[in-house]
Number of protein chains: 2
Amino acid sequence: MPSLQEFIKDSINSAPAEPVKLSDAVAIEEVPTPALIIDLDLFERNLDKMQTYLRNNSIDLRCHTKMHKCPIIAHKQIDAGAIGVCAATVSEAEVMQTNGITNVLITSPVVTPEKIDRVITLGVDNPDLQMVIDDIEIANLFNKAAKRSGIQLSVLIDLDPGMGRTGIEMGDPALTLGNHIVDNCDSLRFGGLQMYAGHCMHIEGFENRRGKYNHIMGKGAETKTLFEESGIEVPVFSGGGTGTFNIEAGLGLMTELQAGSYIFMDIEYREIGGEGSERFEDFEPSLFVLVTAISKPQQRLITVDAGFKSFASDKMAPEFRDVEGVIFHWGGDEHGIIQLTNPSREINLGDKLPMLTPHCDPTVNLYDYYYPVRDGMVEELWPITARGRSQ
Amino acid sequence: MPSLQEFIKDSINSAPAEPVKLSDAVAIEEVPTPALIIDLDLFERNLDKMQTYLRNNSIDLRCHTKMHKCPIIAHKQIDAGAIGVCAATVSEAEVMQTNGITNVLITSPVVTPEKIDRVITLGVDNPDLQMVIDDIEIANLFNKAAKRSGIQLSVLIDLDPGMGRTGIEMGDPALTLGNHIVDNCDSLRFGGLQMYAGHCMHIEGFENRRGKYNHIMGKGAETKTLFEESGIEVPVFSGGGTGTFNIEAGLGLMTELQAGSYIFMDIEYREIGGEGSERFEDFEPSLFVLVTAISKPQQRLITVDAGFKSFASDKMAPEFRDVEGVIFHWGGDEHGIIQLTNPSREINLGDKLPMLTPHCDPTVNLYDYYYPVRDGMVEELWPITARGRSQ
């Protein structure tokens, strides 16, 4: 019988992470639905486009694995030029590190003894691990734990961009924490600042978004200057995301971008608008949920086999990729009811159709495997190794 | 290398289903969060209460496993007196049957060849399997597949209660399908009718709910009479749920209740009101998400480590079990921001607190394990074996 800690460790070590190669390639029409499918051509185009853009603008890419939860994809991003990854949770970091990815930044505070121990355990094996901290008492706990294990843990200070989610207040409070780490925490190494203005990522309209984001990040820049004037170097400034990828360069503040959604995209991002365009289409939707029409209870309705358990429902409803003139109504946990107002094509029982996801991150978190598709065929499955690893 | 079908079959056969006994019991405060916890005393009280009530009213209990996704819990329900279970999907049925539960009704239509084959494969091993059907063409496909495998498959006709989700129109269309099955499908055995008025489960106010439900079910009763007058016996009438558990007996139509949520309850059900009470409290909330306070970015805010990936967000926001005078704001995928308007107790960094779930089914579907708790201690984990089995 394992202890709880042993059980958790074993389950992370044994979670499937390699591609499952199929003996026979399967046509997409044969995949049991609901299924999460990746259009590989579009996915690769997104991968390259972001990397090329950031390289040309001298910003590093630190991909956020909270979105895809998949070491296979993280390795592809690193192979394409990303310097490393972010993890939103300790267990995501454990999954990534267990599967060969060492340059990992944990982007959300950790405060309890058992999780601080898990971070330190990762740090013992991996000098490239970085942790965010936003509180002096917590810094002390990490310092003690790092000292006990004989390591120096690299930490970034997390700044609250005024969003009120995580992070310490900018200006003097942040500097006080910085000084405390530098002066009193000899087992912590100050690595820089994190400032993720999540509330700006989905501001509609490019100019509107740029204006508000620049205003908020201006305060981050002031805090960085405050640190430097106090003699604390800030080698790294980490944050931003898909919604600000082409705003950061103009600011010149961010050294690394924490983008995740760009590889898959979703309806929420599409709707925010791009530079000079009504829709944000710098990246193309490459992620879909394949659904099947399973019932036709009434003349102008057809029901598909995907509801709250197949699409995250925190945002708008899903949309078909290839059918217009219909309205998706949530039909509960396992169903979506399609109102056939003026459908651009017929939908018959048994038809399998790809749908765009409203919000990719929590939708991915509902599935165990991706079905990557090229030319209509699936040759292997990719385990979503860190799915459900919210701890 | 497996074929896709082999891979899916293997993954269901090998999915963990037994309790994971821990070498040392763990205090609930040591559980890494977010975690799904069951208060065992309340859970068992709910289990007994529903069973006793239905026994006294001569209605069978066919528990819906779409809610808990857990063979351990299904066995407890059957041990307490349930006649069998429902499954919303083929893969849920596969998980249950693989783990020793044979009296299974699949409650949602299946229409594609690969899934019809999976249902028939289950039926070959299990004469107690039942499938719903709501379309003549699909009945023919099932009949052919059953004949090929040399079995008689028991089927219920799914009636659309006017919800427009699944089911055939009541009255003549349903009878036509019934006659077709009886007359032309010699490998199908007509087992009765299913009518699940999901749109009635959450009607607020008991009398209001009872009135609307009785009206709708009256049409189901007429269809049943139509069948009987045409010489088709209807031994089973299956449907209903937690929200109508104490309405069915007065109607005298339902022979078996498809209840799921009663063992755990959630905020959505609490709010609908009970018989003679503002809140529906016939069953008590026994399911909680344990969260940790991880950041205090501003004076009147504290952030917990649970957002869209830890609570289903199709309904209202979660609530603390033991703290009042605060407001939960969704803080994204991994965070909830607690506004401390007039908190009934202090919340400090590192505090672990249980929260009620807004909607239990899709919340359960986010987790791999339950932590059952008695007297504040966890002795084993229960795998949520069918989690993510939406196919």
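The values are calculated or read from the model by the stated rules, or taken from the named source; none is laboratory data. Just so it is clear, the structure is predicted and the values come from calculations on it, not from any experiment. No Cβ is skipped: glycine too gets one built from the backbone with ideal geometry, and neighbour counts run over all protein chains shown.
Below is a table of values for the structure above.
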item	result
Residue check for A:Ile263: closer than 29 Å to A:Phe328 by Cα, touching a residue at least 60 places away in the same chain (Cβ under 8 Å) and surrounded by fewer than 23 Cβ atoms within 10 Å (Cβ to Cβ)	no
Yes/no for B:Gly164 being away from every other protein chain (no Cβ under 14 Å), surrounded by fewer than 22 Cβ atoms within 10 Å (Cβ to Cβ) and not in a helix (DSSP H, G or I)	no
Unique residue being assigned to a loop (DSSP other than H, G, I, E, B), closer than 30 Å to A:Gly307 by Cα and of a type outside the set (A, V, I, L, M, F, W, C) when the list is B:Gly350, B:Gly307	B:Gly307
Flag for A:Ile338 being more than 21 Å from B:Gln391 (Cβ to Cβ) and of a type in the set (A, V, I, L, M, F, W, C)	no
Subset of segment A:378-391 [touching a residue at least 40 places away in the same chain (Cβ under 8 Å) and assigned to a loop (DSSP other than H, G, I, E, B)]	A:Ile384, A:Thr385, A:Ala386, A:Arg387, A:Arg389, A:Ser390, A:Gln391
Candidate set: segment B:254-290, residues that are away from chain A (no Cβ under 14 Å) and of a type in the set (S, T, N, Q); chosen: the one farthest from B:Met355 (Cα to Cα)	B:Thr255
Selection count where residues are over 22 Å from B:Gly260 (Cα atoms) and within 14 Å of another protein chain (Cβ to nearest Cβ), scope segment B:167-213	7
Search result, residues across segment A:303-317 that are facing chain B (nearest Cβ under 10 Å) and not basic (Lys, Arg)	A:Thr303, A:Asp305, A:Ala306, A:Gly307, A:Phe308, A:Ser310, A:Phe311, A:Ala312, A:Ser313, A:Asp314
A:Ile337 vs. criteria among the hydrophobic types (A, V, I, L, M, F, W, C), in a strand (DSSP E or B) and either farther than 17 Å from B:Ala312 by Cβ or within 20 Å of the chain's Cα centre (by Cα) (or both)	yes
Test result for B:Pro358, part of a strand (DSSP E or B), crowded, with 19+ Cβ neighbours inside 10 Å, assigned by TED's automatic domain parsing to the domain that holds B:Glu29 and touching a Lys or Arg at 6+ places or on another chain (Cβ under 6 Å)	no
Total residues in segment B:181-211, condition surrounded by 16 or more Cβ atoms within 10 Å (Cβ to Cβ) and in a helix (DSSP H, G or I)	8
Test: residue in segment B:249-258 that is surrounded by fewer than 22 Cβ atoms within 10 Å (Cβ to Cβ), farther than 28 Å from B:Phe311 by Cβ, hydrophobic (A, V, I, L, M, F, W, C) and touching a helix residue (DSSP H, G or I) at 6+ places or on another chain (Cβ under 6 Å)	yes
Selection count, segment A:358-381, where residues are under 26 Å from A:Ala317 (Cβ atoms) and out of contact with any Cys (no Cβ under 9 Å at 6 or more places or on another chain)	14
Helices (runs of 4 or more DSSP H) contained in segment B:1-73 and holding at least 1 residues more than 14 Å from every other protein chain (Cβ to nearest Cβ) and out of contact with any His (no Cβ under 9 Å at 6 or more places or on another chain)	B:4-13, B:40-56
Condition met for B:Ala146 (surrounded by 23 or more Cβ atoms within 10 Å (Cβ to Cβ), outside the structural domain of B:Val364 (by TED's automatic domain parsing) and over 24 Å from A:Ile337 (Cα atoms))	yes
Members of segment B:87-112 that are within 10 Å of chain A (Cβ to nearest Cβ) and closer than 29 Å to B:Asp172 by Cβ	B:Ala88, B:Thr107, B:Ser108, B:Pro109, B:Val110, B:Val111, B:Thr112
Selection count where residues are within 23 Å of A:Glu44 (Cβ to Cβ), touching a residue at least 40 places away in the same chain (Cβ under 8 Å) and away from every other protein chain (no Cβ under 11 Å), scope segment A:333-377	10
Unique match (being in contact (Cβ under 8 Å) with a residue 12 or more places away in the chain and out of contact with any Asp or Glu (no Cβ under 7 Å at 6 or more places or on another chain)) among A:Thr242, A:Thr255	A:Thr242
Conditions (1) within 16 Å of B:Pro34 (Cβ to Cβ); (2) at the interface with another protein chain (Cβ under 9 Å from one of its Cβ atoms); (3) surrounded by 17 or more Cβ atoms within 10 Å (Cβ to Cβ): number failed by B:Trp330	(3)
Residue among A:Ala25, A:Ala74, A:Ala35, A:Ala87 that is surrounded by fewer than 23 Cβ atoms within 10 Å (Cβ to Cβ) and at pLDDT 95 or above	A:Ala25
Residue selected from segment A:291-301 under the condition of a type in the set (A, V, I, L, M, F, W, C) and surrounded by fewer than 24 Cβ atoms within 10 Å (Cβ to Cβ), by the criterion nearest to the other protein chains (Cβ to nearest Cβ)	A:Leu301
Filter result (over 21 Å from B:Ala87 (Cβ atoms), touching a Leu at 6+ places or on another chain (Cβ under 7 Å) and not hydrophobic (A, V, I, L, M, F, W, C)) within segment B:172-222	B:Ser187, B:Asn214, B:Gly220
Subset of segment B:316-333 (residues that are in a loop (DSSP other than H, G, I, E, B), out of contact with any Lys or Arg (no Cβ under 6 Å at 6 or more places or on another chain) and under 12 Å from B:Ile302 (Cα atoms))	B:Val326
